[in-house]
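Report on the following structure.
Derivation of every value follows stated rules applied to the coordinates shown; laboratory data play no part. Quick caveat, the model's predicted, so the values are computed rather than measured. Cβ: placed from backbone, ideal geometry, glycine included. Neighbour counts: every protein chain shown.
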Amino acid sequence: MEQTFIMIKPDGVQRGLVGEIISRFEKKGFSLKGLKFMNVERTFAECHYADLSAKPFFTGLVDYIISGPVVAMVWEGKGVVATGRKIIGATNPLASEPGTIRGDFAIDIGRNVIHGSDAVESATKEIALWFPEGTVSWQSSLKSWIYE
Ligand code: IDP
Ligand code: MG
């Protein structure tokens with residue numbers, strides 16, 4: 001089953017959105033497979049965002065991610081990578097639809113509350129980076145009520 005990496009950024013934590021965000025993924029029917037509350041080192045954040053290292057906002061982005069604790073999660077389910085991105089909304093919250101997490105809770109692109117993997121390949125890389133110890137193996141007893 002497909003998995004994605006979701007991270008509640010420091011602003012999401014500070015603003016008390018952890019429960020709300022987890023709830024949206026849970027209510028959709030996705031399964032939580034990994035969860036950590038942690039501070040990240042600068043070099044770790046640089047590694048996570050390595051693809052953006054040439055961007056002018058890179059240093060500011062890394063400063064933002066290391067500015068406080070984050071919630072790192074792995075969610076599992078059919079189509080969870082693409083649907084997770086839809087639940088999150090567009091990168092710039094001013095363009096995110098109402099009903100999405102960024103559309104409902106954010107304004108600035110540099111304070112957009114949450115990260116989600118953008119493809120199955122990047123999800124695999126990000127899960128390996130953030131959860132080198134592996135994830136939790138379990139099966140929700142609701143599975144047959146969510147999948148036909
Ligand atoms: P994504 O988070 O929607 O996948 P990316 O393009 O991968 O968007 O950018 C990663 C993160 O970098 C964004 O979520 C946002 O926090 C930040 N970011 C992207 N573009 C800008 C910008 O133009 N100014 C400031 N921060 C940006
Ligand atoms: Mg991205």
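Each residue of segment 2-11 is assigned a 3J(HN,Hα), and the resulting list reads 5, 10, 9, 9, 10, 10, 7, 6, x, 5 Hz, derived from the Karplus form 6.51 cos²θ - 1.76 cosθ + 1.60 (θ = phi - 60°), x at Gly and Pro.
Model label sites at F57 and T124, defined 7 Å from Cα along the beta-carbon direction, differ in position by 2.9 nm. Sorted ascending by nearby beta carbons within 10 Å, beginning with the fewest, D51, D11 become D51, D11.
The ranking of W130, W75, W138 from fewest to most other beta carbons within 10 Å of each one's beta carbon is W138, W130, W75. Each distinct pair of alpha carbons in segment 72-148 adds a 1/r term; the inverse of their mean, the Kirkwood radius, is 14.0 Å. Here's the picture: a label point sits 7 Å out from the Cα of R15 along the beta-carbon direction, and within segment 104-146 the residues with their amide nitrogen under 19 Å of it are 104-117. Residues whose amide H lies under 5 Å from that of I114, counting only those 5 or more places away or on a different chain, are K9; hydrogens are built 1.01 Å from N in the peptide plane. Extension gain for L142-S23 works out to 41.3 nm (0.36 nm per residue, less the C-alpha to C-alpha distance).
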